[in-house]
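I have placed the structure first, in the form of structure tokens, so that the comments after it can refer back to it.
The values are calculated or read from the model by the stated rules, or taken from the named source; none is laboratory data. From a predicted model like this one, the values you see are computed outputs, not experimental measurements. No Cβ is skipped: glycine too gets one built from the backbone with ideal geometry, and neighbour counts run over all protein chains shown.
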Amino acid sequence: MEGLFHEDLAALSDLDEQSLLESLSQRFKQDHIYTYIGDILVAINPFKYLPLYVKEVSERYKYHEKSKLPPHIFAVADRAYQSMMGRLATGPRNQCIVISGESGAGKTESTKLLLRQIMELCRANSQLEQQILQVNPLLEAFGNAQTVMNDNSSRFGKYIQLRFHNSSVIGAKINEYLLEKSRVVHQDEGERNFHIFYCMLAGISPEDKDMYGLLDPTQYRWVHLRKWGEKYSEVCNAMDMVGFQEQEKVDMMTILAGILSLGNIMFEPTETDVLRVTGKSMGWLKATAGQFGVQEEELLRSLTCTLSVTRGEAIRRLHNQQQAEDARDSIAKVAYGRVFGWIVSKVNELLAPNVDFDVELNEIGILDIFGFENFAVNRFEQLCINLANEQLQYFFNHHIFLMEQNEYKEEGIEWETISFKDNKPILVKRHNLLPPLITYSSTLIPPHHLQDFVDKLNSKFKSSPHYEVVRSHSPLFTVVHYAGKVQYNGGGFLEMNRDTIPASIRDLFINSVTPLLSVLFAATISRTGTLMPRKAKVGIHSLAVLMEKMFVASPHFVRCIKPNGNKLPDQVDNKRLRYNGLLETIRIRRDGFSWRPSFKEFAQRCVLLNIYEHCSNIVSHYGRSSRLFFKYWHQEELSRLLERMGKAALVIQKSEGSLSLNICSPISAVSTVLCVCVSGPVSPPVPLPRRKKPQPRPRSIMPTAAHLAPVPRPRNKQFEATPFDNLEVHSELAELMGQVGGEERARERSKKRRDNIRWFKETQARKVVRNGAFPCWFHGMITRRQAEDLMTDKPVGCFLIRVGQSREGYTLTYKGANRCRHYMIEMQSNGKYVILGEDKAHPSLPDLVQHHSRVGIKPFNELLTTSCGQVSTCTPLGSGSCGIYSLLAQALAGPVYERDRKSRPFPRLYPSIRLAMREIQQIQQVRGKGRG
């Protein structure tokens with residue numbers, strides 16, 4: 001459409017830079033931020049809210065035809081999912097989605113949107129989908145930070161592997177790469193520390209601040225004041241949803257508080273040149289020791305000296321002030337890096353697929369990695385980030401240009417070679433460049449050797465076209481990347497070796513009374529979320545493993561573009577739209593053949609069309625026998641044709657009265673279609689008479705069961721099931737009597753109910769009791785039908801909660817406008833309560849009720865307004881505060897159980913932390929009076 005310019009740039013009639021820039025900029029000004037290049041999506045960051053991701057839009061892009069809807073990130077998710085399921089004229093195969101672009105281009109948001117849409121596509125009403133969606137905000141808090149280029153910049157790379165069985169997601173795994181740990185102790189001007197520190201300091205309650213030993217944010221050297229209070233509750237909820245235990249959360253937050261306290265420890269020399277902690281830092285030393293769960297004297301000794309053993313003799317070397325500060329910073333960086341690695345490892349453990357090893361799984365991988373960076377001062381981390389982007393660019397070039405054009409040559413197709421900027425040479429050089437940098441920097445620690453370090457680099461790499469010597473008194477050198485030249489500071493390379501910590505510090509933390517800290521230092525966590533020793537070369541190795549995973553999957557590309565450097569909406573800088581290689585990408589997608597299945601693969605998949613013999617003749621005629629070549633839009637057309645013929649085959653089988661529909665393959669069905677088409681018209685089929693819909697059998701009642709409630713009227717439309725209903729519907733025990741095997745089933749069902757009552761009494765009752773009684777909305781163990789009968793004359797918004805009969809859990813019955821709905825309440829492994837499909841975890845059922853009296857239950861936003869009162873004429877299996885439940889409530893009303901309900905985990909050395917905080921505050925008060 002001309003009004004919207006071209007939605008697919010591969011359809012441009014005049015392919016030049018001017019028409020490309022005009023199409024992109026004009027679409028962007030009309031808020032059309034997505035554009036296709038064949039099957040590649042270009043996404044321009046709008047820097048403002050657009051109504052492109054609401055529920056209605058998500059539904060439209062499910063199983064859609066690409067040509068009938070505008071370009072969208074949801075279309076990429078749908079294509080990857082359908083390809084994995086083998087529905088796009090290809091067999092089932094693992095997929096990967098590669099999101100690339102500079103920092104601030106919108107890669108992180110694109111990742112979250114892709115995840116959300118994929119979870120919608122495979123929705124199976126399991127809590128696992130919500131847990132996977134909560135992983136992103138959790139890792140974002142611990143791994144993202146504000147930079148001069150981006151307010152929410154990823155300071156690590158991640159590859160999310162979604163595991164599927166049939167069409168449902170059954171697990172996930174996160175691989176993380178190259179966390180920028182140095183940010184914990186140093187941030188350049190205009191930059192911030194990791195988000196989690198600001199979330200803690202701004203959002204934590206006063207009671208928790210006292211428990212963890214946290215003071216006002218202005219007291220800490222390593223953070224700058226920033227208000228992010230609302231984010232803290234989101235992070236805590238994400239951890240609850242994924243399944244972290246309460247004690248693990250407390251230990252982790254205590255360690256983070258210890259890192260902040262550690263940054264305030266300062267040193268000064270004495271007359272004997274022995275270092276000591278400054279007077280105003282003594283309180284922070286005590287606080288750090290308490291938060292880390294170690295002895296104060298041992299921590300001080302580890303900071304101010306190094307103990308080594310030579311020939312059985314222990315030698316203690318005293319640190320100078322710089323070495324002590326380096327040791328302090330190293331502890332902070334290593335501790336934070338291992339906390340982050342532990343989070344990734346824990347997430348992988350909680351989201352691991354619960355299937356046998358021999359079950360074949362399909363996979364969709366999503367790569368969200370830091371963008372190309374060029375700051376005022378570039379250090380070792382920037383080199384690692386930019387080399388990772390070089391690898392990613394090579395992966396794109398290999399699939400889009402190199403591999404495709406090589407296949408044209410092998411098959412003898414007439415083709416005018418499209419030139420592109422090949423960055424393979426610098427990747428070959430990388431293996432000769434990065435290890436020497438690490439080796440040299442590890443041997444040249446003293447500051448006065450910085451120039452020697454750079455001189456050695458100049459001598460070794462000056463002949464390379466990707467390396468430039470900088471004539472300067474400062475230790476600088478330049479690397480020529482595919483996206484431009486970047487000047488690096490050699491001093492930053494030496495600092496990266498200060499990540500290593502002495503063995504004495506490692507032993508100190510292994511013996512910590514804080515279990516989590518002991519685990520982290522006893523078994524280090526690698527960058528890919530597994531337990532293994534961490535070496536300097538792990539970063540290179542892990543990226544190589546990542547590339548291997550991606551090369552064996554079918555890729556989908558999303559190229560993100562930052563429209564301007566000021567992060568402002570409705571502004572576009574055409575210089576930024578001149579994205580490297582975009583013009584060449586359009587040309588090869590327009591003129592090339594992006595779908596190139598092997599002949600065997602195509603014949604197996606498309607045998608429905610009865611074209612195997614025809615394909616063989618065509619291939620043998622042209623002398624090519626390995627591969628077929630199609631335009632990017634042919635795959636969708638063929639898929640649509642296969643689907644239409646499959647439906648036609650089923651119609652013909654039904655019309656012929658076939659009774660073997662379930663065992664007849666689609667191949668023979670389509671053969672029937674083809675035969676009918678060839679033989680000419682036939683008489684219209686006579687439809688078979690429809691079977692009568694079976695009527696529901698009325699419930700029977702035991703004549704001797706006088707205590708049972710009378711039979712309620714038959715169910716009407718008001719109580720129809722919905723997709724969110726609890727499907728475990730149970731009949732009364734009396735209904736089973738008189739049937740074959742009914743007595744045995746009744747006994748089993750009765751036993752299950754007794755087991756569930758025992759489970760409730762032993763593990764749940766004390767969590768529900770309030771002030772010696774059960775809440776009026778709690779009805780014990782009643783059936784679904786009884787719950788609906790109680791709701792018959794109740795107003796909209798009335799609700800009750802009942803104990804499950806066939807499972808250990810609860811069900812919330814809600815009176816809607818036209819029907820009753822039954823929401824399953826799932827209990828997680830960490831003891832939290834979640835309504836199935838919701839994204840909020842609750843510590844107790846009363847908290848859940850209170851929350852949903854303010855926030856509606858999805859998807860209908862239904863508020864809990866009125867509780868359904870309990871009845872007095874109930875049975876032991878009936879509702880409310882009567883029978884066993886009233887006796888149980890009275891038994892649990894004592895002070896012991898009330899204390900148990902309110903108890904919560906604390907840091908192991910909480911008294912020491914409190915004393916240290918008081919000492920710090922007293923010192924500050926004395927200093928304040930002195931100034932006055």
Where the second residue is acidic (Asp, Glu) and the first is in a strand (DSSP E or B) and lies in the stretch 262-279, which pairs have Cβ atoms under 7 Å and are six or more apart or on separate chains?
267/325; 276/268
If residue 106 satisfies all but one of (1) over 17 Å from residue 556 (Cβ atoms); (2) buried (at least 21 other Cβ atoms within 10 Å of the Cβ), what's the number of the condition it fails?
(1)
Leading residue by the ranking (surrounded by the fewest Cβ atoms within 10 Å (Cβ to Cβ)) among those in the stretch 773-792 that are within 16 Å of residue 844 (Cα to Cα) and out of contact with any strand residue (DSSP E or B) (no Cβ under 9 Å at 6 or more places or on another chain)
773
Return yes or no: is residue 117 more than 26 Å from residue 545 (Cβ to Cβ), under 14 Å from the mean Cα position of the chain (by Cα) and modelled with pLDDT of 90 or more?
yes
Within the set of pairs 6+ apart or on separate chains, which have a first residue in the stretch 15-41 that is on the phi > 0 side of the Ramachandran plot, a second that is among the acidic types (Asp, Glu) and not in a helix (DSSP H, G or I), and C-beta atoms under 8 Å apart?
38/8
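State yes or no: is residue 256 modelled with pLDDT of 95 or more, under 39 Å from the mean Cα position of the chain (by Cα), in a helix (DSSP H, G or I) and not β-branched (Val, Ile, Thr)?
yes
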Those residues of the stretch 176-208 which are at pLDDT 90 or above and in a strand (DSSP E or B) amount to 194
Whether any residue in the stretch 263-284 is surrounded by 15 or more Cβ atoms within 10 Å (Cβ to Cβ) and under 32 Å from the mean Cα position of the chain (by Cα) is what I want to check.
yes
Output the residue which, of all residues in the stretch 424-455 that are within 34 Å of the chain's Cα centre (by Cα) and hydrophobic (A, V, I, L, M, F, W, C), is modelled with the lowest pLDDT.
438
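Given the options 223, 235, name the one that is assigned to a loop (DSSP other than H, G, I, E, B), surrounded by 14 or more Cβ atoms within 10 Å (Cβ to Cβ) and in contact with a helix residue (DSSP H, G or I) (Cβ under 6 Å, 6 or more places away or on another chain).
223
Determine whether residue 421 is assigned to a helix (DSSP H, G or I), of a type in the set (D, E, K, R) and either surrounded by 12 or more Cβ atoms within 10 Å (Cβ to Cβ) or at pLDDT below 80 (or both). Working first, answer last.
Working: assigned to a helix (DSSP H, G or I): no; of a type in the set (D, E, K, R): yes; either surrounded by 12 or more Cβ atoms within 10 Å (Cβ to Cβ) or at pLDDT below 80 (or both): yes.
No.
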Would you pick out the residues in the stretch 157-182 that are basic (Lys, Arg) and surrounded by fewer than 22 Cβ atoms within 10 Å (Cβ to Cβ)?
163, 173
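Give the residue, chosen from 378, 386, 374, that is over 21 Å from residue 585 (Cα atoms), under 26 Å from the mean Cα position of the chain (by Cα) and among the polar types (S, T, N, Q).
386
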Failed condition for residue 349, given (1) modelled with pLDDT under 90; (2) under 29 Å from the mean Cα position of the chain (by Cα); (3) acidic (Asp, Glu), with all others met?
(1)
Give the stretch 366-387 a look and list any residue that's among the small types (Gly, Ala, Ser) and surrounded by fewer than 22 Cβ atoms within 10 Å (Cβ to Cβ), or say none.
376
Pick from the stretch 799-848 the residues that are surrounded by fewer than 19 Cβ atoms within 10 Å (Cβ to Cβ) and of a type in the set (A, V, I, L, M): which of them is farthest from residue 760 (Cα to Cα)?
817
Cross-chain or 6+ apart pairs with Cβ under 6 Å, the stretch 137-162 first and free of Cβ contacts under 8 Å to residues at least 12 places away in the same chain, then of a type in the set (D, E, K, R)
none
Could you please give the count of residues in the stretch 508-523 that are in a loop (DSSP other than H, G, I, E, B) and closer than 21 Å to residue 344 by Cα?
2
Yes or no: residue 332 small (Gly, Ala, Ser), out of contact with any Asp or Glu (no Cβ under 7 Å at 6 or more places or on another chain), buried (at least 18 other Cβ atoms within 10 Å of the Cβ) and closer than 30 Å to residue 285 by Cα?
yes
Residue 50 meets each of (1) touching a residue at least 24 places away in the same chain (Cβ under 8 Å); (2) closer than 19 Å to residue 567 by Cα with one exception, condition (1)
Restricting the stretch 53-69 to residues that are out of contact with any His (no Cβ under 7 Å at 6 or more places or on another chain) and surrounded by 16 or more Cβ atoms within 10 Å (Cβ to Cβ), which is nearest to residue 106 (Cα to Cα)?
53
Check whether at least one residue in the stretch 171-181 is of a type outside the set (Phe, Trp, Tyr) and without any contact (Cβ under 8 Å) to a residue 60 or more places away in the chain, and report yes or no.
no
Condition met for residue 257 (under 20 Å from residue 145 (Cα atoms), crowded, with 20+ Cβ neighbours inside 10 Å and among the small types (Gly, Ala, Ser)):
yes
Show the residue pairs that are 6+ apart or on different chains and have beta-carbon atoms under 8 Å apart, the first residue being within the stretch 448-476 and of a type in the set (A, V, I, L, M), the second being modelled with pLDDT under 80 and part of a loop (DSSP other than H, G, I, E, B).
450/444
